[in-house]
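To start, the structure itself, in structure tokens.
We did not get these values from a lab; they are worked out from the coordinates using the rules stated. Keep in mind that this is a model prediction, so the values were computed, not measured.
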Amino acid sequence: MFDRLREDIRCVFDRDPAARHTFEVVTTYPGVHALIMHRASHALWNAGLKWLARWLAMFSRWFTGIEIHPGAQIGRRFFIDHGMGVVIGETAEIGDDCTLYHGVTLGGTSWKKGKRHPTLGNDVVIGAGAKVLGPITIGDGARVGSNAVVLKDVHPNATVVGVPGRVVEARRPVEKSETREAIARKMGFDAYGTTKEMPDPVATAINAMLDHIHVMDKKLEEVCRGLKGLGAEVADLQLPDLGPCEISSTSPVQELEPDQEEGDSNSSRADNS
């Protein structure tokens, strides 16, 4: 029991750079308090003392702002950062080395008895405000982005974002990234063409567009070569540079010159007087 407690306290230092010493963690971290009380309430639950286990869980909720049902199964080195608003249901199962942030819900979607809450593998991280609902499985090493709503199984080492949650592939083939960078340089655009392993849905969409443009560019070059081979005159044109995408250049609001600004302020002061 004490070895498990030492592990729970030690893992805080690995995942929270704000933690300074053990006394601070033991006395001021609600996630640690909630976990300690859950270990006790879970033991009471398994011993058949259901009401006492629920009462201790209710006290833990009042004291920490974290609601963990006594029936939930939680593995080793579990860390809840900040913790306010975290809800973990009765049939939830959490593996080792998992991390939850504030506002996370591991909830159910059915009123029927039996398994109705999620199962988390090892080394799973769930961002603030995320909702993982139903008897689904989140694979080892998976990451769930903040405010995502996950309703389906997630395979190991995946990253899930959005509502409803969608898996975002972080890694792309090297050949693909090289062709993207080449066509982006040719177009004069490299804001998204050089993304490497960032799980950004917008970057993914633009990367797909760059792939499509690359294929179209190659086909067009082949057509031009064929026409030239047939004796047709084809002008060699360079793609124009797209230039920077500035919000101010497309905004209908015009910025005032410094002297004009000063004149306007003086006139307004005169009107007020």
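Some values worked out for this structure:
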{"read-out": "Over region 21-159, volume per residue of the alpha carbon convex hull, in Å³", "value": "100 Å³"}
{"read-out": "Kirkwood Rh in Å, taken over region 42-81 so that all alpha-carbon pairs contribute", "value": "10.7 Å"}
{"read-out": "Å³ per residue enclosed by the Cα convex hull of region 1-81", "value": "83 Å³"}
{"read-out": "Taking the convex hull of Cα positions in region 58-97, its mean projected area over all directions (nm²)", "value": "2.7 nm²"}
{"read-out": "Long-range amide H partners of ILE94 with built H, under 5 Å", "value": "GLN73, ILE74, GLY75, LEU120"}
{"read-out": "Derived scalar couplings ³J(HN,Hα) [region 98-114; Karplus, 6.51 cos²θ - 1.76 cosθ + 1.60; whole Hz; x for Gly, Pro]", "value": "8, 9, 10, 9, 5, x, 7, 10, 9, x, x, 10, 9, 8, 7, 6, x"}
